[in-house]
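J.: Got a structure here, written out as structure tokens. Questions coming.
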Amino acid sequence: MKRFFAAIRFLTILPVPDAWSGNEKTLARSVFFFPLVGLVIGLIAAGLDYAFGRALPLLPASALTILVLIGLSGGLHMDGLADTADGFFSARPRNKMMEIMRDSRIGVMGVLAVVFVVLLKVTLLAVVFTPSRWAVILLMPLAGRAAVVLMMTALPYARPEGGLATLFADSRSRLTCLWSWGLLFAISVWLAPDVGLAGALLALLSTALFAVYNRKKIGGYTGDTLGAACELAETATLLAVVMYYSFWMR
């Protein structure tokens, strides 16, 4: 259980006592629990979305739900998306790209990426008013954390000098990756066999393509690109659901 609480403490802002989460070695072996942390986030967000929906119209309720999803992670993954966008779209050599991504300041491309993704998530969620809405909200953060595990499994760490994400290098495995995505697909089929499966498939495809793009741009992954992968997988899940409903409602 210490590994589970270590993952919660690392990936969220939820309060976890020091005695429950162990030390750095415990955290290094917590990758297996990343998808379960996604489920915890999804359950909280889905519950709050129900409350928001009882008090507000769908658009502001959706905006608050997306804010909850971002806030529960402390903006960790959104920050990674911003840094990744600044680096990848800088049109600079690889070394300079890596320096830009490490800079704590946010540039124009980072701002645009964050604004675009947040707006896209809010507008997409605002048109999901079916009984499966709560299941979609639950699946989004699960898909995002499964994307993180896939990136760490498929790619080497890109910074030769090391970084925070190297902490998990020894505990990554194909079995953990299969477990993460197996859990996503199983829960998708269980809760929403139609839209859930579509969301999981597009999340997997987008993560695989982003992993290929990472290898081409910087030769692997960094902590920032893991955050970007999480945000892109969440967005892809929601996008697939809306596309599915749009297709069948024609």
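The values are calculated or read from the model by the stated rules, or taken from the named source; none is laboratory data. What you see is a predicted model, and the numbers here were worked out from it, not measured in a lab. Please note: Cβ atoms are built from the backbone with ideal geometry, for glycine as well, and neighbour counts cover all protein chains shown. Ligands, DNA and RNA are excluded from the accessible area calculation, which covers all protein heavy atoms including side chains. Shrake-Rupley method; radii C 1.70, N 1.55, O 1.52, S 1.80 Å.
J.: Computed over the Cα atoms of the chain, what is the convex hull's projected area averaged over all directions, in nm²? Intermediate results must be reported in sequence, preceding the final value.
T.: On the way: hull surface 53.6 nm².
One quarter of the hull surface, i.e. the mean projection, equals 13.4 nm².
J.: Follow-up question, since we're still on this one. Highest first, please rank the peptides 194-204, 24-34, 76-86, 62-72 by the mean number of other Cβ atoms sitting within 10 Å of their residues.
T.: 76-86, 194-204, 62-72, 24-34
J.: Considering only Pro160, Pro57, Pro193, give the residue with the highest GNM mean-square fluctuation for the chain, with springs between Cα atoms whenever their separation is below 10 Å.
T.: It is Pro160.
J.: Still on this structure, please answer the following. If the reach is capped at under 26 angstrom between alpha carbons, list the lysines near Lys25, excluding any in the same chain fewer than eight residues apart.
T.: List returned: Lys2.
J.: May I ask for the equivalent-ellipsoid semi-axes of the stretch 1-112, computed as the square root of five times each C-alpha gyration tensor eigenvalue and listed largest first in whole Å?
T.: Sorted largest first and rounded, they come to 29, 25, 9 Å.
J.: Right, here's the next one. Taking the Cβ of Leu209 as the centre, find all other residues whose Cβ is under 13 Å away and add up their charges (Lys, Arg: +1; Asp, Glu: -1).
T.: Residues near Leu209 contribute +3 overall.
J.: Here's another thing I want to ask about it. So, by mean Cβ neighbours within 10 angstrom, what's the order for 128-136, 36-44 with the highest one leading?
T.: So the order, starting with the most tightly packed, is 36-44, 128-136.
J.: Which distance in nm do the two modelled labels at Phe116 and Leu59 give, with both placed 7 Å along the Cα-to-Cβ direction?
T.: For the pair Phe116/Leu59, the computed spacing is 2.3 nm.
J.: Under 11 Å from the Cβ of Ser21, count the other residues' Cβ atoms, weight Lys and Arg +1, Asp and Glu -1, and hand me the total. Walk me through the intermediate numbers first.
T.: On the way: positive: Lys2, Arg3, Arg9; negative: Asp18, Glu24.
Taking every other residue near Ser21 into account, the sum is +1.
J.: What does the extension gain come out to for Tyr50 and Arg92, with contour length at 0.36 nm per residue minus their alpha carbon separation?
T.: 10.6 nm
J.: Taking Cα atoms, how many degrees apart are the long axis of helix 133-154 and the longest axis of the chain, rounded to 10 and kept between 0 and 90?
T.: It is inclined by approximately 20 degrees.
J.: Excluding residues on the same chain fewer than 8 positions from Lys216, give the lysines whose Cα lies under 26 Å from its Cα.
T.: Partners within reach: Lys96.
J.: Would you mind estimating how fast the stretch 58-107 diffuses translationally, via Stokes-Einstein at 25 °C and 0.890 mPa s with the Kirkwood radius over Cα pairs, in µm²/s?
T.: 201
J.: Taking every pair of alpha-carbon atoms in the stretch 74-215, give the share separated by more than 27 Å as a whole percent.
T.: So the portion of pairs separated by more than 27 Å is 28 percent.
J.: Expected output is a single nm value to one decimal: the length gained when fully extending between Leu67 and Ser173, i.e. 0.36 nm times separation in residues minus the C-alpha distance. What is it?
T.: Details: separation 106, 0.36 × 106 = 38.16 nm, distance 3.19 nm.
Stretched fully, the Leu67-Ser173 segment lengthens by 35.0 nm.
J.: Turning to a different aspect of this structure: Can you figure out the FRET efficiency of Ala208 with Ile13, using R₀ = 30 Å and their beta-carbon distance, to the nearest 0.05? Could the numbers behind the result be given before it?
T.: On the way: r = 30 Å, r/R0 = 0.99.
Working from the Cβ atoms, E equals 0.50.
J.: Could you tell me whether the stretch 1-65 comes out rounded, prolate or oblate from its Cα gyration tensor? Rule is a ≥ b ≥ c as square roots of the eigenvalues, rounded for a/c under 1.5, then prolate if a/b exceeds b/c, otherwise oblate.
T.: Prolate, since a/c reaches 1.5 and a/b exceeds b/c.
J.: What is the local net charge at Val149, summed over the other residues whose Cβ is closer than 11 Å to its Cβ (Lys, Arg +1; Asp, Glu -1)?
T.: Working: positive: Arg145, Arg172, Arg174; negative: none.
For residues surrounding Val149, the net value is +3.
J.: Report in % the part of the accessible area of the chain that belongs to carbon and sulfur, leaving out ligands and nucleic acids; probe 1.4 Å.
T.: Carbon and sulfur together cover 70 percent of it.
J.: Give me the 1.4 Å probe accessible area per residue for the chain, excluding ligands and nucleic acids, in Å².
T.: Details: 11860 Å² over 250 residues.
With all protein chains present, the chain gives 47 Å² per residue.
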